[in-house]
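Heads up: the structure comes next, in structure tokens.
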Amino acid sequence: MIPELGNFALYIAFTLSLLLSIFPAIGLRQNNIRLTSLAPNLSVGIFLFTLFAFGCLVYAFLTDDFTVLNVAQNSNSDLPYYYKIAASFGSHEGSFLLWLVMQSGWMFAVALLSKALPSDMRTRILMVLGWICVGFYAYIIIASNPFETTLPFYPVDGKDLNPLLQDIGMIIHPPLLYMGYVGLSVSFAFAIAALLSGNLDSTWAKWSRPWTAAAWAFLTLGITIGSWWAYSELGWGGWWFWDPVENASFMPWLIATALLHSLAVSEKRNAFKSWTVFLAIAAFSLSLLGTFLVRSGVIVSVHAFASDPSRGVFILILLALVIGGSLLLYSVRAGAIKSVGKFSTLSRESMLWGNNVLLVAATLVVLLGTLLPLVHKEIGLGTISIGEPFFNQMFVYLIVPFALLLGVAPLIRWKQDKIKSLYVPALICLLLSIGLSFSWLFLEFGEVKFFAFLGVVLGLWITLFTIHEMRITWRKLAKLPISHVAMVCGHIGLAFVIAGIGLTSQYSVERDVKMFTGDTADLAGYNFKFDSLKKVDGPNYEGWAAVISINKQQRNVETVYAEKRFYPVQRTTMTEAAIDDGFFRDIYVSLGEQLPDRSWGLRLYVKPYVRWLWIGGIVIALGGFITLFDKRYRRNKRMS
Amino acid sequence: MKLTTLLNSARVAVLSVIFMMSFNSSATEEQTQFSDPVQKELYIDLVKELRCPKCQNQNIADSNAVVAKDMRAKTKELVESGQTKEQVIDYMVARYGQFAHYQPPLNMATAMLWLLPILFITFAVFLLIKRSRAGAIETSNVIDSSNAQTLDKELDALLAKSSQRQKNQSEGEN
């Protein structure tokens with residue numbers, strides 16, 4: 001009964017989004033306020049019905065309603081309740097319903113918080129979001145209904161959730177990522193609405209900024225948590241593999257980062273305006289492309305939990321409509337956009353242009369690297385793989401100029417500046433970061449490896465310049481405006497990430513050993529003792545844990561449990577790595593297979609500074625959220 | 001994390017330099033043993049760059065598939081026989097196809113992996129120079145840095161005044 005209600009609610013939401021896509025358009029044309037003012041109410045309605053439908057699905061999972069196909073295939077009565085909730089978005093169908101909850105949630109937020117916008121602008125934005133919704137809701141109803149039933153022959157128990165997804169990271173990572181992906185549809189809607197109205201002054205950029213910042217911050221968090229999840233759950237200590245699915249989330253992030261910076265130029269300096277509109281379109285298109293790649297199964301990925309080729313066609317059509325339609329509109333209207341702001345070659349504008357160019361080039365690298373293997377195969381040149389060696393090499397080339405510019409840029413004035421004023425601080429920062437990095441690496445690791453050195457130098461360069469710039473601003477304004485604090489967070493966070501990547505990729509050490517209970521092994525100054533093997537069964541699995549005590553100079557650092565779990569329903573074995581985490585290093589132990597002579601294979605890792613990646617990512621995201629507290633956006637809203 | 005553990009790990013991290021050298025002193029056996037540490041490093045590099053042909057998207061280091069195990073064993077054998085990185089990769093590519101190596105080969109189709117980003121950056125830099133030149137001609141009223149500070153101050157004062165006025169206005173309206 002409840003699932004049927006959920007299904008029905010989806011149909012209502014679809015109908016409402018049809019209305020939202022039509023009535024305001026007519027209202028705008030006929031200047032009919034009664035029709036245009038329907039837009040916010042319809043948006044609220046869509047959100048409530050979608051939320052209700054999602055609630056029904058969660059209810060079906062919690063009550064083990066195996067008459068619902070989705071529940072039967074992705075849950076089991078033994079699954080703990082929190083994983084039952086997570087299972088509601090663990091499958092393709094369920095995850096798309098979550099996507100829609102987010103989509104309509106953003107729309108709901110826009111309807112609530114945009115009252116200060118000119119009413120025609122507000123109507124247009126909601127209308128564009130309505131168009132997007134029509135496509136999405138049609139998709140879920142026709143191609144991927146989460147409420148499909150198994151009746152009349154329903155199973156006694158479910159097939160269980162993929163054990164890989166039974167992890168806390170899985171509960172929080174997809175919702176955050178979707179918030180980001182879908183949030184970019186708001187930036188998209190602002191840009192399209194501005195194009196439609198033909199009113200492309202810098203005000204739309206101002207309205208769009210907090211929304212873009214919010215979506216971007218969620219996306220940042222989503223990617224960060226995803227990387228952490230892969231690290232702790234996949235069992236080999238990797239945190240980024242340039243897997244197509246990772247790339248699919250990285251591309252919209254890169255473009256959204258560029259968009260965030262170019263919006264600043266559009267708003268403050270009235271320049272780069274048509275470029276900014278283009279970025280807004282590109283960001284959302286790439287997040288749709290990512291969805292297509294992940295769900296259609298056209299690319300081979302370890303993450304393909306929820307793919308189905310037949311659905312690919314539908315998403316491809318949707319993608320073609322969104323990209324084709326918006327680019328057509330863009331080509332018609334963008335010619336009329338006049339960017340009047342003038343600037344010289346050395347100016348903040350140029351610096352931000354550099355930021356945009358490098359980020360878009362990085363996106364190109366990822367896009368080509370992800371899609372070319374497909375093309376290569378199709379045109380008969382055989383299968384190729386593009387992975388770590390290629391991407392790492394390209395990203396090193398891109399990150400060096402990017403980080404160098406990033407350090408200097410906040411010091412440079414809008415419009416024009418003199419290079420002379422930069423010589424002294426640049427020289428000091430360069431010497432300091434080289435000297436500090438060298439001595440740090442030498443003292444801690446005994447040898448200086450080039451890429452680690454590069455990473456730390458770039459990280460310090462950014463940090464030192466940021467501190468210098470903060471001091472100047474402080475002196476001038478006697479306080480740091482909130483938007484400035486946000487920028488500092490974003491930049492310092494990136495410094496952490498760059499340094500962390502350099503350090504952990506160069507100085508991580510590992511050993512692949514076979515041990516009997518009682519054996520010890522040394523690695524990087526730590527002594528690992530295999531104390532005993534324990535049986536640890538969970539609600540839906542049987543497990544064995546190797547109890548490993550980690551000692552350093554005869555003192556116990558930590559006792560960890562590296563587990564191997566067998567999930568009988570899915571007949572899969574999972575490795576649950578034991579991690580002793582720390583600000584300066586992680587110790588990571590994963591239990592392998594039992595060898596013929598009854599000993600166990602164990603992988604031991606010591607990974608210095610690996611945590612800086614995720615700390616950095618969280619600090620970057622924090623920057624995005626802080627922007628939202630900028631009074632400027634709220635005060636201006638009230639005044640207009 | 002507590003501050004004490006933080007400080008502790010800092011101290012420990014510095015001390016670890018001394019212990020880095022004592023790698024092979026323990027009694028426990030490696031699963032893959034090498035007599036030469038340089039060969040071991042080469043092996044670790046290689047198994048991360050070679051792709052398991054039967055898996056979804058995994059290198060042979062992380063995969064437990066039978067073919068990955070075979071490839072690891074073969075890699076070890078080749079490395080121990082003194083082959084270079086290129087030789088091992090060539091062997092694997094000849095046997096399992098270009099698919100088995102994560103670095104794409106350079107040909108007409110793959111050239112754009114490198115060319116397109118470079119072309120884009122070149123074009124964008126050209127555009128910037130053109131655009132900023134065009135801007136510079138019209139903005140001939142150059143501000144030198146000594147003036148800039150006084151101008152900044154004047155601007156701040158003006159802004160403060162205008163925001164004050166707006167505040168008064170909006171209060172008046174209310």
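The values are calculated or read from the model by the stated rules, or taken from the named source; none is laboratory data. Since this is a predicted model, take the numbers as computed values, not measurements. Ideal geometry is used to build each Cβ from the backbone, glycine not excepted, and the neighbour counts take in all protein chains shown.
A few points about this structure:
- A:Ile384, sole failed condition from (1) in contact (Cβ under 8 Å) with a residue 24 or more places away in the chain; (2) at the interface with chain B (Cβ under 8 Å from one of its Cβ atoms); (3) under 24 Å from A:Ala248 (Cα atoms): (1)
- Failed item in (1) closer than 15 Å to B:Gln98 by Cα; (2) over 22 Å from the mean Cα position of the chain (by Cα); (3) within 13 Å of chain A (Cβ to nearest Cβ); (4) at pLDDT 90 or above, with B:Arg51 passing the rest: (2)
- Among residues of the range A:321-359, those that are under 24 Å from the mean Cα position of the chain (by Cα) and within 23 Å of A:Tyr397 (Cα to Cα), counted: 8
- Within the range A:497-546, strands (runs of 3 or more DSSP E) holding 3 or more residues that are within 8 Å of chain B (Cβ to nearest Cβ) and either closer than 30 Å to A:Lys449 by Cα or among the hydrophobic types (A, V, I, L, M, F, W, C) (or both): A:509-515, A:520-523
- Residue among A:Ala53, A:Ala86, A:Ala72, A:Ala60 that alone is out of contact with any helix residue (DSSP H, G or I) (no Cβ under 8 Å at 6 or more places or on another chain), closer than 30 Å to A:Ile172 by Cβ and assigned to a helix (DSSP H, G or I): A:Ala72
- A:Ala109 falls short on exactly one of the conditions (1) surrounded by fewer than 22 Cβ atoms within 10 Å (Cβ to Cβ); (2) not in a helix (DSSP H, G or I), and that condition is (2).
- Test result for B:Gly172, modelled with pLDDT under 90, loosely packed, with under 15 Cβ neighbours inside 10 Å and outside any loop (DSSP other than H, G, I, E, B): yes
- Pairs linking a residue in the range B:145-159 that is within 11 Å of another protein chain (Cβ to nearest Cβ) and closer than 14 Å to A:Asp417 by Cα to a residue that is assigned to a helix (DSSP H, G or I) and modelled with pLDDT of 65 or more, with Cβ atoms under 9 Å and 6 or more positions apart or on different chains, are B:Ser145/A:Lys420; B:Ser145/A:Ser421; B:Asp152/A:Lys476.
- Residue within the range B:102-119 that is free of Cβ contacts under 8 Å to residues at least 40 places away in the same chain, farther than 30 Å from A:Thr363 by Cα and out of contact with any Phe, Trp or Tyr (no Cβ under 9 Å at 6 or more places or on another chain) present: no
- Residues that are in a loop (DSSP other than H, G, I, E, B) and either closer than 21 Å to A:Gly502 by Cβ or within 11 Å of chain B (Cβ to nearest Cβ) (or both), drawn from the range A:394-418: A:Arg413, A:Lys415, A:Gln416, A:Asp417, A:Lys418
- Complete set of residues in the range A:566-584 that are in a strand (DSSP E or B), at pLDDT below 90 and hydrophobic (A, V, I, L, M, F, W, C): A:Met574
- Set side by side, the residues A:Gly130, A:Gly180, A:Gly158 differ, and just one is buried (at least 21 other Cβ atoms within 10 Å of the Cβ), at negative phi and not assigned by TED's automatic domain parsing to the domain that holds A:Ile22, which is A:Gly180.
- Residue within the range A:171-194 that is in a loop (DSSP other than H, G, I, E, B), of a type outside the set (S, T, N, Q) and closer than 23 Å to A:Trp614 by Cβ present: no
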